[in-house]
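Written below as structure tokens is the structure these notes are about.
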Amino acid sequence: PGLLEPTSCLIRVSKSAPTLGIAIEGGANTRQPLPRIVTIQRGGSAHNCGKLKVGHVILEVNGTGLRGKEHREAARIIAEAFKLKEKDYIDFLVTEFN
Amino acid sequence: REKRLTLPPSEITLL
């Protein structure tokens with residue numbers, strides 16, 4: 001599943017810390033149309049995972065596409081995925097290219 | 001100028 005972009009890759013982040021620990025910028029109707037990771041905080045789940053990188057553009061979160069979503073909506077989707085108790089991980093479909 | 005240059009920068013959210 002997911003977008004058929006040859007440069008995309010699926011990264012599973014375990015909820016190994018109380019926070020996800022990423023900062024994102026971008027969203028529909030901004031210069032950066034899809035959310036891009038600008039910071040990864042040491043000690044957060046994303047940092048512990050070791051595969052998410054600054055500069056990754058997030059295409060999907062648990063299979064939900066972020067294209068066309070404005071910044072706050074995209075941030076809400078990621079935050080909800082982290083809060084969801086039924087899953088102890090989040091799947092991110094990311095690409096390094098805009 | 002390209003149209004996208006007129007789009008505003010995004011805010012940044014820590015998650």
request  = Considering every residue within segment A:36-51, establish whether at least one is in contact with a Pro (Cβ under 6 Å, 6 or more places away or on another chain) and either modelled with pLDDT of 95 or more or among the basic types (Lys, Arg) (or both).
outcome  = no
ask   = Across segment A:43-68, what is the total count of residues that are assigned to a loop (DSSP other than H, G, I, E, B) and either among the hydroxyl-bearing types (Ser, Thr, Tyr) or farther than 18 Å from A:PHE82 by Cβ (or both)?
value = 5
task = Among the residues of segment A:38-50, count how many are free of Cβ contacts under 8 Å to residues at least 24 places away in the same chain and not small (Gly, Ala, Ser).
result = 5
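Only one residue in A:ARG67, A:ARG36, A:ARG76 is of a type in the set (Lys, Arg) and more than 17 Å from A:THR95 (Cβ to Cβ), so which one is that?
Checking each option against the conditions leaves just A:ARG76.
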remark   = All conditions in (1) part of a loop (DSSP other than H, G, I, E, B); (2) surrounded by 15 or more Cβ atoms within 10 Å (Cβ to Cβ); (3) of a type outside the set (Lys, Arg) are true of A:GLU86 except (2)
query = From A:LYS53, A:LYS85, A:LYS15, which residue is of a type outside the set (Phe, Trp, Tyr), touching a residue at least 24 places away in the same chain (Cβ under 8 Å) and away from chain B (no Cβ under 14 Å)?
reply = A:LYS53
ask   = Is it true that some residue in segment A:24-42 is among the β-branched types (Val, Ile, Thr) and either part of a helix (DSSP H, G or I) or more than 12 Å from every other protein chain (Cβ to nearest Cβ) (or both)?
value = no
ask   = In this structure, is A:THR30 within 27 Å of B:PRO8 (Cα to Cα) and either in contact with a Ser or Thr (Cβ under 6 Å, 6 or more places away or on another chain) or among the charged types (D, E, K, R) (or both)?
value = yes
ask   = Looking at (1) over 18 Å from A:HIS71 (Cβ atoms); (2) more than 13 Å from the chain's Cα centre (by Cα), which is the only condition A:GLY21 fails?
value = (2)
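The values are calculated or read from the model by the stated rules, or taken from the named source; none is laboratory data. Predicted model, so just to flag it, every value in this text is computed and none were measured. Here the Cβ is made from the backbone with ideal geometry for all residues, glycine too, and neighbour counts use every protein chain on show.
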